[in-house]
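Quick note: the coordinates plus some simple rules give every number you see, no bench work behind them. These figures come from a predicted structure and were not determined experimentally.
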Amino acid sequence: MALPATEKYNNSSNPVKSMARASFNIAKSIPDQRQKAKLNSPKSFDTTKYAPLTNNLKEGSQYKNVGTVTTEYGGSTNYEKFHPGIDIANKIGTPLYSTVPGKVIATDSGKVQGNKGYGNYVEVQDAQGNRHRYSHLNQAYVKIGDVLKQGQLYGTMGNTGSTYSNSGGTGSHLDYRIWDMYNKYVNPSSYLN
């Protein structure tokens, strides 16, 4: 293991202690990705950043009029201080389309509003090993093993699982999250653009 340039190896009678201190200093120098994402998140949220999904797109786009972003990546919800996905709200039954080509690797169904967790969901793995989970669905039209094209219908928006509305609505929304092959969260906005 290489020591940081600022750390000198102490050739004392306790080399284990010196290596432990060096390891601690290395770990301290690695930035906390959650803090970094929080620092880089916008102070006032600009929904035009997600225009390809949330605003009127050119005719023929599968993302036309999907909904309104209610929680951005890095924002907070009643359940999470740091929201590692994007929430997009619209009415129950709004058609939803895959943002990537990939294989369906997980689904859950039979959930209703008030159940704990993500409710009904579809999880798609893309060619790079990223896992895209679309949660709180009303209905899913795919099953494990199905191969989806980008833009293919996979289900409809709903309010299953732990959903709520601060404005008195149904709580219907899509929670879109991505994990990379190392199980680290990825900001979904790049997949919506």
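Karplus-based coupling profile of the range 182-192, in residue order and whole Hz: 9, 6, 9, 5, 10, 5, x, 4, 5, 7, 8, with θ = phi - 60° in 6.51 cos²θ - 1.76 cosθ + 1.60 and x standing for Gly or Pro.
Distance check, please: which entries in Lys103/Lys184; Lys91/Lys149; Lys116/Lys184; Lys143/Lys184; Lys91/Lys111; Lys103/Lys143 exceed 21 angstrom between their Cα atoms? Pairs exceeding the cut-off: Lys91/Lys149; Lys116/Lys184; Lys143/Lys184.
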